[in-house]
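Below: one structure, written as structure tokens.
Just so it is clear, none of the values below were taken in a lab; they were calculated from the coordinates. Predicted model only: the values in this text are computed from it and were never measured. Positions of Cβ are backbone-derived with ideal geometry, glycine not excepted, and every protein chain shown enters the neighbour counts.
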């Protein structure tokens, strides 16, 4: 999504994650972009919004996602601190504004690659919950799109982008740095917290779990994992997160099988074991509602 105002962006982010507009507003002037080495030629930039993956090497710079437009100057400075080299490629993991907000700026410097649904949603404009995003500027649109997968051979390795359908949204890509042994999950992985699943944009809780289970089975034990939100983890962290999601869904399913209502499940704290995952954006109660909706969805609907 493309949001032009910092205040509007933060308000929208609160809505996307199911919280009230009373959330504290973020002053982008105070946000720090913090780089960290991951492995091989891959770095991560932490800031405000989705984690930015970076490939830096003899071919130049490739970034995965670009957070918010007001942060572009700070992101550029952080990239220069990693390597003073031109930006050659941008990959979007999905269309949400906290991952593509900088597209309009960075897209003037380098081509954007994304799944075809990212371009379609950005070009048409979209509504996520109550947040209406206008059609994106031409420079913010991906110019190279793919249906299933695409590879960029860059900085001495294959950077393989693979589409996983109907998980966090219907636009999601997971990016494998095959030489550096790193995978960028986008918002298919929230390390240390409950995920947000945008069912209004083709997302599915069951789909997210199934997709993550596939990736977790494929990623070798010595790989590093960049989440959409949270700190860089390991393959073991990803596997544990997926297992926990399955246990959470099973716990809610067991309660529903006993004819308990969602309100009873919340009152009984059916997800107490994972309370540390609760955030102002997605609380345990919010996640119970999401799991109930997924379990009770008609066969084939959003699963």
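Below is a table of values for the structure above.
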item: Likely footprinting exposure, 89, 241, fewest C-beta neighbours within 10 Å first; result: 89, 241
item: Computed lengthening from residue 240 to residue 214, 0.36 nm per intervening residue step minus Cα-Cα distance; result: 8.0 nm
item: C-alpha long axis of helix 284-296 to longest principal axis of the chain, angle in °; result: 80 degrees
item: Rg over Rh [alpha-carbon atoms, Kirkwood Rh] for the range 147-248; result: 0.95
item: For the range 58-118, the fraction of alpha-carbon pairs in successive 5 Å shells from zero, as %; result: 4, 20, 31, 27, 13, 5, 1
item: Stokes-Einstein translational diffusion, the range 102-167 - Kirkwood Rh over all Cα pairs, 1.002 mPa s, 20 °C, in µm²/s; result: 163 µm²/s
item: Dimensions (Å) - the range 6-296, Cα atoms, principal axes, largest first; result: 59, 41, 34
item: Model label zone, residue 29; criterion: amide N under 18 Å from point 7 Å along Cα-to-beta-carbon; scope the range 61-100; result: 69-75
item: Label point distance in nm, residue 272-residue 153, each placed 7 Å from Cα along Cα→Cβ; result: 5.7 nm
item: Relative contact order for the chain, counting Cα pairs under 8 Å that sit 6 or more residues apart, in percent; result: 14 percent
item: Inter-label distance for residue 84 and residue 296, nm, one decimal - labels placed 7 Å from Cα along Cα-to-Cβ; result: 6.1 nm
item: Nearest 10 degrees, 0 to 90: helix 235-257 Cα axis against the chain principal axis; result: 30 degrees
item: Exposure proxy ranking, count of Cβ atoms within 10 Å, fewest first, for 206, 149; result: 149, 206
item: For the chain, calculated [θ]222 nm from helices alone, where every DSSP H run of n ≥ 4 adds -39500 (n - 2.57); result: -9500 deg cm²/dmol
item: Efficiency of FRET from Cβ geometry, residue 139 and residue 39, R₀ 41 Å, rounded to 0.05; result: 0.80
item: For the range 19-161, alpha-carbon Rg over 2.2 N^0.38 Å; result: 1.04
